[in-house]
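For reference, the structure discussed in these notes is given below.
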């Protein structure tokens, strides 16, 4: 019995108690020395290292199907970063072709503005909000009810998403003219507004295609399968480049070539992941049960997430509306080009690291291993902070020559280059805060807390709006383009500080109820008591 009790205490997962052996303290009886039967469990430090291991052999063929391999956080982040770099490389090629064909003229401006409405609808209904709500629920549901029921839940979410996006698509087609003319680009000429409306109506099909692909991505990520989701990121730009190729071959198609290419790209992104889903044993079933408890739990997390995304989606709409009144008519195209370059380092940290880490953090939260979650998160945040600062410096130092080399061709003039670089400097300042905000938000979602991110989204909107008014008043002429990225920096810094403090308090409170921490406290208490007994015996 004494040894069985010792085993209970020796299961502590945390490295602070290494070298301490616990057993039940009997009065005036010295405990037995530990035997092999009561050997300590593998320390948490080793398990933490396993979560961050990196083995190149896991990426080589010959060790089973690549699409079924489970990757560590570091390996998954590396895989996603490679895919994102490939995607951005293709994106640079796409943007180069786009700038040669359309420059920063009225067609390009209408195209950029038209993309906002579909992107907003996708983010609201099926973007990151769905992934953040679906993944932790899928993991906990699989643990409690088994894999078969978890896949039935996935089918139900897929079916509900399909119907919801179809209804949103139909409503969006009717609401587009009013939204574009009165909210999105109220300062544009009527001809530009009409073109923006036409392009927006075509692009509204994109959220439907991407939304269905998001359900597949979330299911694969919950299984820590990242290969084909990563490949789908890279393949997206192929469809867009194909659309530009159509415009090159048939100039009469004009801006409608890349617009339709966007829809083809969205379809390819979803189709490429289906083989991995089939190999995971997923089986689609037509399930329609709006009273399903798993669906209710997802909706409980999704609704605050949607509200947070809705608040965040107001920011680019506000930015576009303010830009439409700027004296320099190339400001919108400049900010879009600068944001594309800014998006690469931001995506490498926020998306690659976050997407790789969230399944692991959600698994820790499901098992109530909050101390290990806190240790893992601390390392992720520290590494991400250093990387984001280095990437911001790289944008500042290399931004101008990169823009000149890649974009200054055809209709993209020297003035376009200067204005784009000016905006990029502001985005470089915003990079660290935005990257850390994304990671901290992802952590709250992994522990099934969507209320704090929702409240912080309101705070971010207020900080962003205040930044817009402040910096627009501070700058004048072409320099006003700096107001957009600097407002983004203001809301990123504010949100990071608030989220960081709240998350620190939350994890500290939860760690007190962590079973491993409770065992650690018991072992420490026993060690102190045993030391006192030994002192009495020596006397």
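The values are calculated or read from the model by the stated rules, or taken from the named source; none is laboratory data. Note that the structure is predicted; figures quoted are calculated from it, not measured. Reconstructed Cβ throughout: ideal geometry from the backbone, glycine too, with neighbour counts over all protein chains shown.
Scanning segment 364-383 for residues that are part of a helix (DSSP H, G or I) and under 22 Å from residue 218 (Cβ atoms) gives 364, 365, 366, 373, 376, 377, 380. In segment 184-206, the residue that is farthest from the chain's Cα centre (by Cα) out of those that are closer than 12 Å to residue 117 by Cα and in a loop (DSSP other than H, G, I, E, B) is 185.
Counting only residues that are touching a residue at least 60 places away in the same chain (Cβ under 8 Å) and either touching a helix residue (DSSP H, G or I) at 6+ places or on another chain (Cβ under 6 Å) or in a helix (DSSP H, G or I) (or both), segment 246-261 holds 5 of them. The condition of being within 26 Å of residue 438 (Cα to Cα) and out of contact with any strand residue (DSSP E or B) (no Cβ under 8 Å at 6 or more places or on another chain) holds for residue 377. Screening residue 410 on (1) within 22 Å of residue 479 (Cα to Cα); (2) surrounded by fewer than 20 Cβ atoms within 10 Å (Cβ to Cβ) shows it passes everything except condition (1). Among the residues of segment 106-129, those identified as within 14 Å of residue 198 (Cβ to Cβ) and modelled with pLDDT under 80 are 106, 117, 118. A single entry from 446, 479, 418 fulfils the requirement of being out of contact with any strand residue (DSSP E or B) (no Cβ under 6 Å at 6 or more places or on another chain) and within 23 Å of residue 497 (Cβ to Cβ): 446.
Just one of the numbered conditions (1) free of Cβ contacts under 8 Å to residues at least 60 places away in the same chain; (2) touching a helix residue (DSSP H, G or I) at 6+ places or on another chain (Cβ under 8 Å) is not true of residue 190: (2). Given the structure, is residue 361 in a helix (DSSP H, G or I) and out of contact with any helix residue (DSSP H, G or I) (no Cβ under 9 Å at 6 or more places or on another chain)? Criteria not met by residue 361.
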